[in-house]
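**Student:** To start, I am sharing the structure in question, which I have written as structure tokens.
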Amino acid sequence: MNNKSSFEKNGGTYRMVNGYRIPNLDLPEEAKKPLSRWGQAHLDYLSHNKQVLLTTMLAKGSLWKYLQEIDKQAQEMFEALVEDMCIDNDITEDLKENDQMKWVQEMNRIYSFAAELVLEDLIYS
């Protein structure tokens with residue numbers, strides 16, 4: 001009779017710790033790279049709103065690659081929005097040199113608005 005578990009039959013191995021068999025698991029390379037605020041926010045959204053999708057992607061091993069792609073897209077979208085809004089609102093280096101408080105105020109407004117758009121259009125969908 002073969003006493004191998006399905007984990008062992010699929011190439012998995014165990015190690016003994018205090019009399020317990022612990023599976024030797026390793027994260028895929030992409031899971032070792034940290035996620036920025038966008039990837040973390042999307043993971044949180046999935047865990048609270050799309051648990052079946054989250055579980056399926058975890059089981060298939062595609063979650064971390066997916067989250068890193070969302071993370072990258074969100075950062076690119078955020079940076080493009082900020083750049084466009086700065087141009088549209090005439091927020092320049094001259095303003096920064098001549099009226100720092102106004103520049104900070106405008107940049108904070110732009111960052112907040114751009115972040116809201118990224119969250120609404122990409123992260124929470």
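**Student:** Tell me which residues, restricted to region 35-60, are under 29 Å from Phe7 (Cβ atoms), in contact with a helix residue (DSSP H, G or I) (Cβ under 9 Å, 6 or more places away or on another chain) and assigned to a loop (DSSP other than H, G, I, E, B).
**Tutor:** Passing the criteria: only Leu35.
**Student:** While we're here: On the given criteria, is Ala31 assigned to a helix (DSSP H, G or I), hydrophobic (A, V, I, L, M, F, W, C) and at pLDDT below 95?
**Tutor:** The answer is yes for Ala31.
**Student:** Right, next: Need pairs with beta-carbon distance below 8 Å; first residue without any contact (Cβ under 8 Å) to a residue 60 or more places away in the chain and within region 91-105, second aliphatic (A, V, I, L, M); sequence gap 6+ or separate chains.
**Tutor:** Ile91/Met85; Ile91/Met107; Ile91/Ile110; Lys102/Leu95; Trp103/Ile91; Trp103/Leu95
**Student:** Kindly indicate whether Phe78 is out of contact with any helix residue (DSSP H, G or I) (no Cβ under 6 Å at 6 or more places or on another chain), among the aromatic types (Phe, Trp, Tyr) and either surrounded by 12 or more Cβ atoms within 10 Å (Cβ to Cβ) or part of a helix (DSSP H, G or I) (or both).
**Tutor:** So Phe78 fails the test.
**Student:** Tally up the residues in region 51-92 that are among the β-branched types (Val, Ile, Thr), closer than 22 Å to Asp121 by Cα and over 16 Å from the mean Cα position of the chain (by Cα), please.
**Tutor:** Total satisfying the criteria: 3.
**Student:** Can you spot a residue in region 116-124 that is of a type in the set (D, E, K, R), free of Cβ contacts under 8 Å to residues at least 40 places away in the same chain and farther than 30 Å from Gln51 by Cβ? Give the derivation first.
**Tutor:** Taking region 116-124 as the starting set, the residues that turn out to be of a type in the set (D, E, K, R) are 116, 120-121.
After this cut, where a residue has to be free of Cβ contacts under 8 Å to residues at least 40 places away in the same chain as well, the list is 116, 120.
Still in the list and also farther than 30 Å from Gln51 by Cβ: none.
Within region 116-124 (the criterion being of a type in the set (D, E, K, R), free of Cβ contacts under 8 Å to residues at least 40 places away in the same chain and farther than 30 Å from Gln51 by Cβ), the answer is no, since none of the residues qualifies.
The values are calculated or read from the model by the stated rules, or taken from the named source; none is laboratory data. Remember, it's a predicted structure, so these values are computed and weren't measured experimentally. Here the Cβ is made from the backbone with ideal geometry for all residues, glycine too, and neighbour counts use every protein chain on show.
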